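Comments concern the structure below.
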Amino acid sequence: MSALAEPAAPPHGDTGERPLPPVTPLAMTSLALIVAGGIYLSAHIPKHVPLTPAIVLLAASALLLVTNLLLLYRVSGFPWGRFFDVAKWALLGYTIIAGMIEYAFLRNHLKGGALVVLTLSLVVFAVHVPVLIGFTVARFYKPETELAPSAA
Amino acid sequence: MHDIAVDASLKGTHPPAPPAPAAARDDFEIVPRAGLPLVAIVLGLLIAGIAVNELWPLTFLHVVGGAGWTIVDLFLGFVLGPILGHLSIPARIEFTKKLMPKMVLLMPTLVTVTLAAGWQLGVHMGTVDSSFALHGWIVASFIVVGVMAVIALGLLEPANIAVLFELKKPQPNPAVIEKLMKRFIYTAGATGLMQIATLVIMTKLASS
């Protein structure tokens, strides 16, 4: 069994971050768009309202999610292993939360276009939050500061 | 808002200080597994509450969840935050290791219960109906909760998880911990301020 090498201490006062795309602001904007769409729809219940504004907000939010993923994909040497380690569990957690919200929609007999828009909004939410959590953890990941097998 | 004192030793302009003590890295769970059954029970109660759609269980879940959420935000932002800022680095790390794993389970559960039960309660009582006399106040509460949700999901929760991963490292970087904890406490303070707006709205609705 190999001993574990003690990694070097990080340089003091330095977070060791390298320039990365603006994933957090984009994700927050995406979430804000979804929230705005949800508020727009729920503020008019039970009246029938045009779905177009909510669809536009959802589309913009989804576009930001795709943009975020593309920007991350282009980062060379991004620690995807660490990203997925975290994001998969966050995805599980937020899928459960989104499922609870969807259950409340169905329990209240929401149907038609509004249900489709809100369900797709929940999908974007349940994917984008784990992406953000995975990114925030992975950005501080440095293999040299983790426990590594000793050469001895 | 409170101030998080940054030790001189943590700033890059000062002579290097020792990294976070190795003792700080004893084992802890990022997601406390012992708490998962409790979360499952609470979510089960929420599903049952929504299914039965009765006034008392929905009010109970909404009020208890909302009170917990408000208290935690205010206490973190305005009481614990300033105290944390004045602790030594090892004490801060030790405290963070004890507090943050609990927050990973506590906050999403409280928020989910409060919002889901609150929505169902609004449907049950007819207060989410746009014909309700104080509908403007209801929409205001949606907006306040929406802003809090974006802050919590976009900044607070990722910082919470990331600081725990940093503390799991053999040599945690104090600068990273400082940065993430600052973000966590500041956002908790911001949502704490918004909780005051929630209290104003909810007491107005309850007394009308």
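The values are calculated or read from the model by the stated rules, or taken from the named source; none is laboratory data. Keep in mind that what you see is a predicted model, and the values were worked out from it rather than measured. Cβ coordinates were reconstructed from backbone atoms using ideal geometry, including for glycine residues, and neighbour counts include every protein chain displayed. Quick note on the areas: whole protein, heavy atoms, side chains included, nothing else; ligands and nucleic acids left out. Shrake-Rupley method; radii C 1.70, N 1.55, O 1.52, S 1.80 Å.
Here's the picture: charge each Lys and Arg Cβ at +1 and each Asp and Glu Cβ at -1 in region B:32-202, and of B:126, B:138, B:149 the one pushed furthest to the positive end of that dipole is B:149. Residue separation of residue A:44 and residue A:63 scaled by 0.36 nm, minus their Cα-Cα distance, works out to 4.3 nm of gained length.
How big is the charge dipole of the protein assembly as shown about its Cα centre, in debye rounded to the nearest 20, if each Lys and Arg gets +1 on its Cβ and each Asp and Glu gets -1 on its Cβ?
Here the size comes out at about 340 debye.
Among the chymotrypsin sites (Phe, Trp or Tyr not before Pro) found in region B:64-131, not one is both in a DSSP coil and sparsely packed, with 14 or fewer other Cβ atoms within 10 Å of its Cβ.
Counted over region B:32-150 with a bin width of 5 Å, the fraction of Cα pairs per bin, in whole percents, is 2, 10, 16, 19, 18, 13, 9, 6, 4, 2, 0, 0. Remark: chain B carries a charge dipole of roughly 360 debye about the Cα centre, counting +1 on each Lys and Arg Cβ and -1 on each Asp and Glu Cβ. Taking max minus min of the alpha-carbon positions on each principal axis, the protein assembly as shown gives extents of 71, 42, 40 Å, largest first.
For the pair B and A, how large is the buried accessible area, both sides, in square angstrom to the nearest 100, if the probe is 1.4 Å? Please report the intermediate quantities before stating the final value.
Details: alone 10850 and 9840 Å², together 16830 Å².
Interface between B and A: roughly 3900 Å².
Taken over the alpha carbons of chain B as equal point scatterers, the Debye sum produces base-10 log I(q)/I(0) values at 0.10 Å⁻¹ of -0.50. Overall, region B:111-199 carries a charge dipole of about 340 debye about its Cα centre when +1 sits on the Cβ of Lys and Arg and -1 on the Cβ of Asp and Glu, all other atoms neutral.
The accessible surface of chain B, taken with every protein chain in place and a 1.4 Å probe, is 75 percent carbon and sulfur. A crude spin-label estimate for the pair residue A:89 and residue B:64, with each label 7 Å from Cα along the Cβ direction, gives 2.7 nm. Dividing the convex hull volume of the alpha-carbon atoms in region B:123-165 by its residue count gives 71 Å³ per residue. In percent, rounded to a whole number, the relative contact order of region B:32-202 is 33, using alpha-carbon pairs under 8 Å and six or more apart. Restricted to Cα atoms, region B:82-199 shows a radius of gyration and a Dmax of 17.7, 59 angstrom. Heavy-atom accessible surface of chain B, averaged per residue, reaches 43 Å², computed with a 1.4 Å probe.
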